[in-house]
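Step one of this worksheet: look at the structure below.
The values are calculated or read from the model by the stated rules, or taken from the named source; none is laboratory data. If you're wondering where the values come from, they're calculated on a predicted model, not measured in any experiment. Here Cβ is always computed from backbone atoms with ideal geometry, including for glycine, and neighbour counts include all displayed protein chains.
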Amino acid sequence: MLVRVFLLFFFFNFSSLASEFYQTNQKNINCNKKIEFNPKEDSIEVNILNNKRWVENLLKVLVEFNHPDSKTNDSGVFNFRIKEKYKKNFKSKILIKYKTQNLVCEFDAKVKITGDGWWHLDWINGEPFASVQVRLLDGNINNIVNFKLLLPRSRKSDNEIFITSILKYLNFISPTTFYTDVKINNFKTKYIFQEHLAKELLESHSLVEGPILEGDERFTIEKKLNKESFYPLSMSRISNSKYIKNDISKMKKSLEAISYMNDIYIQSHLSNTESFGRTLFGVEKLNINSKIVDNLFEENFDTYESIIYSMNATHGQSHDDRRFYYDPVNNFFKPIYYDGKPTIIDHYKKINKSNNSDDKFQSENLKNVISKEASQGAQKAIYLINNIENNNFLTILSQNGLSLTSEDLNNLKDIIVKRLEIIKNTSIDNSKPINREYYFERLVSKKDYINLVFLDVDKKKLEICNYNLSNCKIQTLDFNYIESIYAQRFDFLKNKDKAYLFIGKNKKSNLTNSNQFRKTYINENLSIRYNNKISLDIDHENKKLTIKQNDQTGRIVISGKIIDSWKIIFIGDESNKIKNVSKNYENLTGCLTIVDVVLKNVSLSSKNSNCEDSINLIRSKGSIADIIISNSKYDGIDADFSSLEIKDLKIENSGNDCLDFSFGQYKIENIDLKQCGDKGISVGEKSNAYFNNVKIQETSIGIASKDSSFVEANNVNIKDSKTCLSAYKKKQEFNFADIKIENMNCYNFKNQVLTDEGSTIKIKNL
């Protein structure tokens, strides 16, 4: 009762406070220029427009938390979860204060309470605070538009900064995370800033957009309070289902991803039942059986697992908290770090203080905790940890708000390596495959409650079955609901008496790889994946690869280490054997895709391509002698996350852009472009490009620089184009763009230059 009285008293006093707003120009062009947010100096201010409703909503949560029903016999454990009804969006203004630049930027935003547990709530200096999620409606912070401001204790404070920093340093997918000062409606405290797991996170790790998978909490966390939780119903869902965007190829790729992952969940539930599972702190872990899911995970997955266990970050290994990215080019999963609740620094401090040994990892019970994959990946993890460059990493930690001495870091590395040695030497065997049908038999207790859902995208069919795969009914699939299905939301079925569980595309196991791509090798450094609509002619003596597309669905992917002095020729199909094929068939935008390769003096050519990109280079670097492309239905050449030097490039007759560069560094000595449906040269997404001797004819736009990109060109001749040069900001997560030209001639144009208010075009004629 006293708690309620106090909260009501606080509410009336707090809500009477008027919010202070800075008189800033929201459209100040300086706010859309390249400005790096420095967590050590800069700060964030959140002004919620309806402060009264916000405080009222927050206090209702706190009243529920302080209710006697939330208490348990354990003083550190509460029978409490923040209900979804309190996680409503509030219109807000976000002020970003850049101290060094003496600049305040104001952006519109939506803000809501985030998190499930009580640790996302706190009283600080007599004021109520909560972890919040912020979605900027304009502007960005370091290219991030969606992020969480987390109360430090909700993520184990310094431990979270340390693990996210070290994982990103080691090139694992880890969200940008740092301490920062935050003022919410005039009350200030320290928060952990962490970016949302979305497209921008993938791009910051040089990854093309693809499905992101997470655990479905409907039958676990959400049901735990009324003791209805049933962990065997926990499956995966696609958290970024809007990625599909009515694209049939993305629908199929997403279906492939969730089908594979749900079969992994099923095997995990079965292994836990058969005592092959591993649990820690009472959390049922998602067990990845590497023997069963061979080739479905990236090469370094085992190493990631080892590092997670060595840092006590196993909270993120549960069915609910696991996060994965499905690479649509390589067709494998990559782990994403999320909410591991690590305690490595806490343990280090405890060991230092008490002068004790690391008892947890001396236990004989370790084999009942870790996974087989962790044991397999420990040796490489040891190598990576030992090779962390201290000064560089300490600087990164400092930038993220965590100060450690070199001695501290060395001691932490020693603890981690010692743990990894123990993990390496621990014998684990949880690789026993278990009959899949037994899983469905286990659902008998929920037979009147649960229906299972399967999907056939090609036939546009939805199949709904009883718990034991019987009494199945077929209904026509409305593509308007496919995002909801992938997200495990079934309100559209309008049967409130049933819960629905989306399993995948097949009633039988999906783990039998039905991928139609075959694989061959040019040499030990170079592999080729291609489907049965591609014919290959490999001439090793003359280093010549000829690729012929037999119909419009033909796709080929070249990957490996080095392509040295090869000539690669692609010939597209002109027979129109298949009409209206998706331009990114099999989620490959390129008819020819070259990924993760070092190029040395390579020649590329393509003609008659029907794909979104005639040639697509991803995360590749090196030198290309020449590129010749003709008659592309869409883009001529597309390069992403690459660093390339090209001597001669000639493209003619592309339906869209002749040349499209993003997220990289590009240099071309001689360029000849003709008949480009949209742009001759398009440079975007934080790219730097340098061109010399440029000829462009018959385009809509000659050269375009957009979204935080910079283009420098010399000796430019543009003819018969509507616009010669254009620089602009297109996407919210980026900033203005620039073009610098020396010696340009432009003939027969409508607009010589077009820019937005903050981008620049500078022309200097000799």
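A few remarks follow.
- Residue satisfying condition, being surrounded by fewer than 16 Cβ atoms within 10 Å (Cβ to Cβ) and either charged (D, E, K, R) or not in a loop (DSSP other than H, G, I, E, B) (or both), within set ASP678, ASP660, ASP720: ASP720
- Among residues of the range 321-348 that are free of Cβ contacts under 8 Å to residues at least 40 places away in the same chain, those with a beta-carbon under 9 Å from a residue that is surrounded by 23 or more Cβ atoms within 10 Å (Cβ to Cβ) at least six positions away or on a different chain give the pairs PHE332/TYR326.
- Residue in the range 461-476 that is closer than 20 Å to GLY210 by Cβ and either more than 30 Å from the chain's Cα centre (by Cα) or not charged (D, E, K, R) (or both) present: no
- Search result, residues across the range 12-69 that are acidic (Asp, Glu), over 33 Å from the mean Cα position of the chain (by Cα) and modelled with pLDDT of 80 or more: GLU56, GLU64
- Within the range 146-174, the set of residues being modelled with pLDDT under 95, in a loop (DSSP other than H, G, I, E, B) and surrounded by 23 or more Cβ atoms within 10 Å (Cβ to Cβ) comprises just one member, LYS156.
- Every condition in (1) in contact (Cβ under 8 Å) with a residue 12 or more places away in the chain; (2) in a helix (DSSP H, G or I) is met by ASN480 except one, and the failing one is (1).
- Number of residues in the range 77-109 that are in contact with a Ser or Thr (Cβ under 8 Å, 6 or more places away or on another chain) and more than 30 Å from PHE37 (Cα to Cα): the value is 3.
- Enumeration of residues in the range 405-419 that are farther than 13 Å from ILE163 by Cα and free of Cβ contacts under 8 Å to residues at least 24 places away in the same chain: THR405, SER406, GLU407, ASN410, ASP414
- Search result, residues across the range 690-709 that are more than 21 Å from ASN751 (Cβ to Cβ) and in a strand (DSSP E or B): TYR690, ASN692, ASN693
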